[in-house]
Amino acid sequence: MSLSDPRRQKQLKTLVEKLGLSADVPVKWDLLDLALTHPSISRDKNYEQLEFVGDSVVRLAAAEVLLETYPEALVGEFAALRSMMVSDRTLAEFADRYGFERYLLVSSSTSIDQAGRISRLADAFEAVLGALYLSTQTMVLVRSWLDEPLREKAAEIRRDPARQNYKDALQEWTQATYKKLPQYLVKEINSLDQERFCAEVWLNDQKLGVGTGRSKKAAEQAAAKSAFLEVVKG
């Protein structure tokens, strides 16, 4: 379905209305159409370049929302919160919220790949943000509707950070604060409660946290959680 098809034009206008934008906003419809075209449809004309732009747009929007909503917070907490606010899982949730999937052009063979669904939706969401930003070269078509879900997600994470990915959050914080990545040391242990592995997370020769788990990944997450709650949230 091409942009010249009245059905496609109606789809895109419906999506814009779902975002709370008026019908006469200066959207570049060719960019929006491209933003909702998966690479499985066209190897040359797809959302990949717009996704690249949109990645920066959503991070800027999240940063502005955090600064305006929590002006008393530390930069380290901003970095950790933003990391979770712009994760693929969160962006896919936002895409679901506005029904992006029904407007995304994707091949039938790709559409049945449920394992890649979150990634597809997150990519398309970023691409749409890129298209809206490039339509005016400003954030006006983005923040008018994106601020609310970003604020809601930030509040949700602050209330219940255990639902999020602590490794990603801690990494974002250490990069923003020290320009370094944390290091994990994992060893297998003998335990009666099925916790097979113990992990330590280190930064600048300092042990930030310790955790155990049934797998190496679980132990690393537990260590990252310990560090995050102690160093960032504490």
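Need one word for segment 164-231: rounded, prolate or oblate. Basis is the Cα gyration tensor (sqrt eigenvalues a ≥ b ≥ c); a/c below 1.5 gives rounded, then a/b vs b/c decides. Because a/c hits 1.5 or more and a/b exceeds b/c, segment 164-231 counts as prolate. Close amide H partners of residue 208, meaning residues 5 or more places away or on another chain with modelled amide H under 5 Å apart, are 201, 202, 203. Can you tell me how segment 16-131 classifies by the Cα gyration tensor, rounded, prolate or oblate, using a/c under 1.5 as the rounded cut? Cα axes put segment 16-131 in the prolate bin. Remark: spin-label model distance residue 88-residue 202 equals 3.0 nm, labels positioned 7 Å along the Cα→Cβ axis. Which of rounded, prolate or oblate describes segment 67-208 when judged by the alpha-carbon gyration tensor and an a/c cut-off of 1.5? Judged from the Cα gyration tensor, segment 67-208 comes out oblate (a/c at least 1.5, b/c at or above a/b). With respect to the chain, whose longest principal axis is taken over its alpha-carbon atoms, helix 48-69 is tilted by about 60°.
Helix 117-136 and the long axis of the chain differ in direction by around 60°, with both axes built from C-alpha atoms.
Listed values for segment 210-217 are Karplus-derived 3J(HN,Hα) couplings in whole Hz (6.51 cos²θ - 1.76 cosθ + 1.60, θ = phi - 60°), namely 9, x, 10, x, 6, 10, 4, 5, and x replaces Gly and Pro. Under 15 Å from a point 7 Å along the Cα-to-Cβ line of residue 178: which residues of segment 191-228 have their amide N that close? Backbone N within reach: 200-210, 224-228. In the assembled protein chains, residue 152 presents an accessible area of approximately 80 Å² (probe radius 1.4 Å). The length gained on full extension between residue 48 and residue 24, counted as 0.36 nm times the residue separation minus their Cα-Cα distance, comes to 6.0 nm.
Stretched out straight at 0.36 nm per residue, the stretch from residue 69 to residue 144 would grow longer than its current Cα-Cα span by 25.5 nm. Roughly how tilted is helix 166-178, in degrees to the nearest 10 and between 0 and 90, from the longest Cα axis of the chain? Once rounded, one gets 90 degrees.
As a calculated quantity, the FRET efficiency between residue 9 and residue 230 at R0 = 41 Å, using C-beta atoms, amounts to about 0.15.
Among the listed pairs 28/167; 45/217; 180/217, those with a Cα-Cα distance over 29 Å are 28/167; 45/217.
The values are calculated or read from the model by the stated rules, or taken from the named source; none is laboratory data. Since this is a predicted model, take the numbers as computed values, not measurements. Note: ideal-geometry Cβ built from the backbone for every residue, glycine included; neighbour counts use all protein chains shown. Please note that ligands, DNA and RNA were not included when accessible areas were found on the heavy atoms of the full protein model with its side chains. Shrake-Rupley method; radii C 1.70, N 1.55, O 1.52, S 1.80 Å.
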